[in-house]
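Take a look at the structure below.
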Amino acid sequence: MGVPDLLTLLHKLQEDHEGVIPFEQFMRQALYHPKFGYYTANIQGVGAGGDFSTSASLDSSLGGAIAAWIRDRASDLSWRQIPILEVGAGNGQLARTVLHHLGWKAPWITDYMILETSPLLREQQKSRLQWRGVRWVTSLDEAFERNDGRALIFSNELVDAFPCRIFEKGITGWSELGVRISAEGSLEETLVGSLQEDPWFTQFDHLPVGQRVERIDSFQDWMKDLNSLWKQGSMLTIDYGNTADLLYNRRPGGSMRAYFRHERFHGNQVYARFGKQDLTADVNFSDLMDWGGRLGWKNEPLVTQREFVNRWNSCKTKTSSFDRFSTPDDAGDSFLVLDQSKRSE
């Protein structure tokens, strides 16, 4: 209810981790703690009137392209009834647009499911998607239970919301970033451990000493959970980021930042306003492709959102703001789209 309760939480978290809170755990609590978390208790919304905007809230052409992708993939699989799972649906605008472009038959030919962890966003979605044949599921198990492990899955700006680990390169190798509470009650960074034997770091050998990088291990765990239930279908992952060789170009401090009321903050401001601001890092798509490959998934060539929208949108579905996401070096090139598929064994 007040600062003392929050300090108690942080002190307990620090005690549980032997004096230093791994950044991943700090981020997890700041975003998802039931009482203090940003997504669970404090987010105001997505879009112009909310805390931040997504590409789906700025333009509807993405929804039209996803709808075309859904029809194509369902046809390839000879599915007459199409299970669709949107993970992390924001304010529901993208779902509304996808359903609109799927046409009036959508409630009869699809099982459109939304998996949303934020109670506040779930209520906004339900308000925006009334009478549209959408159902909300509480887990991956529930999503796949009645569809025999089949689904076409997509997400927009989901992966960047998963808690990540942060590492810093030193003279003798890599160390992990942690957080601890100072005697004055403020939060301060500290480096712990020595991780130079982890082969994952070899992709960053070209980076200088002092460089910070992020790894979203929590999303790899989510992919493993998905793989245990998902038998057939395709998945679109849409997010900002890049491949490992380009991700940290001229970014020595890494990509972690905070968003508060449409403003971006870096550095120590990441630790301000606990639970009141979004925390996010760019997605390393090299990791996603590698992790999917290890699970036996097929990776399609990685494309920009501009390329994806141009490929899948017909002239009839292009909107007045289409150029913002279809012109080279504009907003559409800031987001990448990864298409991965899994077939029944």
Pairs with Cβ under 9 Å, 6+ apart, first in region 172-195 and at negative phi and of a type in the set (Phe, Trp, Tyr), second at pLDDT 90 or above and assigned to a strand (DSSP E or B): 174/167; 174/168; 174/213
Residue list for region 273-299, restricted to those being part of a loop (DSSP other than H, G, I, E, B) and either of a type in the set (Lys, Arg) or surrounded by 14 or more Cβ atoms within 10 Å (Cβ to Cβ) (or both): 273, 274, 275, 276, 277, 281, 282, 295, 297
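Residue-by-condition table, conditions (1) among the hydrophobic types (A, V, I, L, M, F, W, C); (2) within 30 Å of residue 9 (Cα to Cα):
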residue: 187; (1), (2): yes, yes
residue: 190; (1), (2): no, yes
residue: 204; (1), (2): yes, no
residue: 210; (1), (2): no, no
residue: 241; (1), (2): no, no
residue: 277; (1), (2): no, yes
2 or more residues modelled with pLDDT of 95 or more and not β-branched (Val, Ile, Thr): qualifying helices (runs of 4 or more DSSP H) within region 49-105: 61-76, 93-102
Candidate set from region 230-272 (those that are in a strand (DSSP E or B) and of a type in the set (Lys, Arg)); member that is modelled with the highest pLDDT: 257
Breaking point among (1) crowded, with 16+ Cβ neighbours inside 10 Å; (2) on the phi > 0 side of the Ramachandran plot, for residue 262: (1)
First in region 63-77 and over 25 Å from residue 91 (Cβ atoms), second anywhere and assigned to a helix (DSSP H, G or I) and aliphatic (A, V, I, L, M), Cβ under 9 Å, 6 or more apart: 74/109
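Name the single residue, out of those in region 151-193 being of a type in the set (Gly, Ala, Ser) and in contact with an Asp or Glu (Cβ under 9 Å, 6 or more places away or on another chain), that is farthest from residue 335 (Cα to Cα).
182
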Any hit, region 226-243, residues being out of contact with any helix residue (DSSP H, G or I) (no Cβ under 7 Å at 6 or more places or on another chain) and more than 27 Å from residue 69 (Cα to Cα): no
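The values are calculated or read from the model by the stated rules, or taken from the named source; none is laboratory data. Since we're looking at a predicted model, the values are computed, not measured. All Cβ positions, glycine included, derive from the backbone under ideal geometry; neighbour counts span all protein chains shown.
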